[in-house]
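To start, the structure itself, in structure tokens.
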Amino acid sequence: MKVRKNSGAAKWILIGISAVFLTVMLILPLIYVVFTAFEEGVGVFLTAVTDEYARKAVGLTLEVTVIAVFINTVFGIFASFCLTRFEFRGKKVLSAMIDLPFTVSPIIAGLIYVLTFGRQSALYPYLQGAGIKIIFAVPGIVLATIFVTFPFISRELIPVLNAQGTEEEEAAALMGANGFTIFRKITFPHIKWALLYGIVLCTARAMGEFGAVSVLSGHLRGKTNTMPLYIELLYQGYDFTGAFAVSSLLVCMAVMILILRSILEYQGKKDA
Amino acid sequence: MKRKNSKKKRVIPGFGLSLGITVTLMGIIVIIPLCSLVIFSARLSPSDFIATVTRPRVLSSYQVSFSTAFIAAVVDAVMGMILAWVLVRYDFPGKSVMNGMIELPFALPTAVAGISLTHLTTANGWVGSIFHRFGIEIAYTRLGITIALIFIGIPFVVRSVQPVLEKFDAQYEEAAHILGASRRQTVFRVILPEIAPSLIAGFTMSFARGLGEYGSVVFIAGNMPYETEIAPLMIMSELQEFDYASATSIALVMLAASFVILFVNAALQSRASKIVTGIA
């Protein structure tokens, strides 16, 4: 079907440009992180990543990520079900609002939580009365992470559910299946791969969030420092090897996520 | 079986539960915090607001943010277009690896990307030393900020153009070729108009994302006032001094800018779809 005669040269030039661009822009920074992390030997690397504060930062990051991904998964499933299975007033507004966190700068995301729960907020006296600390504490970090990753899962699910249509669920409902059975037997098998894919993306973003978390964290070593914040701290203290060593853990995570993503995409295509 | 605004019984159960959970979580996470921004802004005095957002240092931070994000989005649009084309139209060894790599900027934490790009591009870094010989400095200049933003924005363009290009039938190109169009005419008259909406959408997303980006930029920028200080950093430094009024004022301008960008995108999208479908 090839009608173009000159496509041979153009093809390899374009592939060449793409390969060079991706190598310089994407692969080189990755290799550099790993290279610098091990530059001073494995011993230095191990000392840096097993440091007490490093371990606490990893622990906090995992804790925050698990909570944020869990809440966003619940939200994503219900929101996508709600927006694709039912017609109601205000649906368009609701659907537009879900995507809002994508367009808001992470710094502004942090700012709005400071304004909501901080000292100048109307809620502050009540929160203080109840002894709840949100700003410059772990709950603030969790909230900011949820905000930043809010649309990730629902955005993966909505197109799949829209493409699937509602006939199967309607038939099941008319035959007397209850809501949970319908979801488990009909909806879930369709969205399985998209859901996993969304969870993977959401996990990556939640672990790596920097701007919003930076506003809301009190930057207390071992208490409110997540991995990206700890990296910043090391970097600003000119401990470059340490910063890159902790970074290399996040690089491993990113590479694993990309591999998982490819597998999930392949599985999803195979099922469909 | 779609009934608009129907008050009749819905066939599929679970409407109340799913809407309830959706709206509750949305309220806590998105709506209440945004409302508090609105409430807080209403308390700002207009003269203070104008004085804050027109301070020379703030104005220059807008200029830095807009110019670097714009140039980065243009580069991303061109490179993203080429990448999407290569990934859809050609077969070559390593294609699936290349395809899998596109999302790396989504998966890699921005702070990690930031410190790595900074070290690579300083005067004695792997890449920076080459450019340094020609008198070009990358790290701690606007060029460095632009490079970090190109990194962040590239997946938006590729992932926006790629699906459209996949659906675009090669028959159109063949028809154009048979009718005597040159390769160049085919690209500019047949292919580009078809993918323009998705290209604009990708450009808009990477531009909007670039305006707000903080993590990857803050390390490479050097943060010199009037030179390489970006607007999100201005908000951050006001916050660190607990000057919430100034931080909110600057943030409002940035928010307004991103809404304008999204609005222009929506307008261009509907215009482009009218051209393609031929409905005026």
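The values are calculated or read from the model by the stated rules, or taken from the named source; none is laboratory data. Computed from a predicted model, the values in this text were never measured in an experiment. Backbone-built Cβ (ideal geometry, glycine too); neighbour counts: all protein chains shown. Just the protein is used for accessible areas: all its heavy atoms, side chains included, with ligands, DNA and RNA removed. Shrake-Rupley method; radii C 1.70, N 1.55, O 1.52, S 1.80 Å.
Across peptide B:187-200, the average count of Cβ atoms from other chains found within 10 Å of a residue's Cβ is 0.
Applying the criteria of a DSSP loop state and at most 13 other Cβ atoms within 10 Å to the chymotrypsin sites (Phe, Trp or Tyr not before Pro) of the stretch A:234-272 yields A:Tyr238. If R0 is taken as 56 Å, the Cβ-Cβ distance between B:Gln185 and A:Glu170 corresponds to a FRET efficiency of 0.70. Name the shape class, rounded, prolate or oblate, that the alpha-carbon gyration tensor gives for chain B, where a ≥ b ≥ c are the square roots of its eigenvalues, rounded holds for a/c under 1.5, and otherwise prolate holds if a/b is larger than b/c and oblate otherwise. It is oblate, given that a/c is not under 1.5 and a/b is not larger than b/c. Projecting the Cα atoms of B:Leu252, B:Leu211, B:Gly222 onto the charge dipole of the stretch B:129-280 (Cβ charges, centred on the Cα centre) puts B:Leu211 farthest toward the positive pole. What does the charge count around B:Ala113 come to, taking other residues whose C-beta lies under 14 Å from its C-beta (Lys +1, Arg +1, Asp -1, Glu -1)? Local net charge: -2.
Note on A:Arg221 and B:Val88: their simple-model spin labels are 5.2 nm apart, each label 7 Å out from Cα toward Cβ. Sorted from greatest to least, the principal axis extents spanned by the alpha carbons of the protein assembly as shown come out as 65, 62, 54 Å. Taking only protein heavy atoms and a 1.4 Å probe, the accessible area of the stretch B:149-192 is 58% carbon and sulfur. Only the Cβ atoms of Lys and Arg (+1) and of Asp and Glu (-1) were treated as charged; on that basis the dipole of the protein assembly as shown about its Cα centre amounts to roughly 1920 debye. Picking from A:Ile259, A:Ala212, A:Ala68, whose Cα lies most toward the positive end of the charge dipole for chain A (charges on Cβ: Lys, Arg +1; Asp, Glu -1)? So the residue furthest toward the plus end is A:Ile259.
Listed peptides B:97-109, A:164-176 appear in the order B:97-109, A:164-176 once ranked by packing, highest mean of other Cβ atoms within 10 Å at the front. Carbon-plus-sulfur fraction of the accessible area of chain A, 1.4 Å probe, in percent? Answer for chain A is 67 percent, counting heavy atoms of protein chains only. Placing a pseudo-label 7 Å from each Cα along the Cα-to-Cβ vector at B:Arg43 and B:Met224 gives an inter-label distance of 3.9 nm. For the segment B:227-239, counting C-beta atoms of other chains within 10 Å of every residue's C-beta and taking the mean gives 3. In chain B, Cα pairs under 8 Å separated by at least six residues give a relative contact order of 27 percent. Modelling each spin label as a point 7 Å along the Cα-to-Cβ direction, I'd like the A:Lys185/A:Val42 distance in nm, to one decimal. Going by the 7 Å Cα→Cβ label model, 5.5 nm. Peptide packing: for B:249-258, B:166-175, the average count of neighbouring Cβ atoms within 10 Å per residue gives the ranking B:249-258, B:166-175, highest mean first.
Summing Lys and Arg as +1 and Asp and Glu as -1 over all other residues whose Cβ lies under 13 Å from the Cβ of B:Arg142 gives a net charge of -3. Peptide A:90-103 shows a mean partner chain C-beta count of 3 within 10 Å per residue C-beta. Residues B:Trp126, A:Trp193, A:Trp12, ordered by accessible area of protein heavy atoms at a 1.4 angstrom probe radius and largest first, appear as A:Trp12, B:Trp126, A:Trp193. Cα centroids of the stretch A:71-142 and the stretch B:101-149: how far apart, whole angstrom? Centre-to-centre distance over Cα atoms comes out at 33 Å.
Provide the FRET efficiency to the nearest 0.05 for the B:Phe134-B:Phe66 pair, computing r from the beta carbons and using R0 = 22 Å. Efficiency computed from Cβ-Cβ geometry: 0.20.
Could you pull out the GluC sites (Glu not before Pro) across the stretch B:210-249 that fall in loop regions by DSSP (anything but H, G, I, E, B) with no more than 11 other Cβ atoms inside 10 Å? Counting only loop positions with at most 11 other Cβ atoms within 10 Å, the GluC sites (Glu not before Pro) in the stretch B:210-249 are B:Glu241.
Taken about its Cα centre, chain B carries a charge dipole of roughly 1440 debye when the Cβ of each Lys and Arg holds +1 and the Cβ of each Asp and Glu holds -1.
By the combined test of axial Cα extent (at least 24 Å) and Kyte-Doolittle hydropathy (mean at least 1.0), the qualifying DSSP H helices of chain B come to B:56-89, B:142-167, B:244-277.
Classification of the stretch B:1-109 by its C-alpha gyration tensor yields an oblate form. The axis ratio a/c (a ≥ b ≥ c) is 1.5 or more, and b/c is at least a/b.
Among the helices of chain A, those built from whole DSSP H runs whose Cα atoms reach 18 Å or more along their own axis and whose mean Kyte-Doolittle hydropathy is at least 0.5 are A:7-22, A:52-85, A:91-103, A:152-164, A:188-208, A:240-271. A:Leu157 sits among other residues whose Cβ lies under 13 Å from its own Cβ, and their net charge, with Lys and Arg +1 and Asp and Glu -1, is +2.
The packing ranking of peptides A:116-127, A:56-67, highest mean first, is A:56-67, A:116-127, where packing means the average number of other beta carbon atoms within 10 angstrom of each residue.
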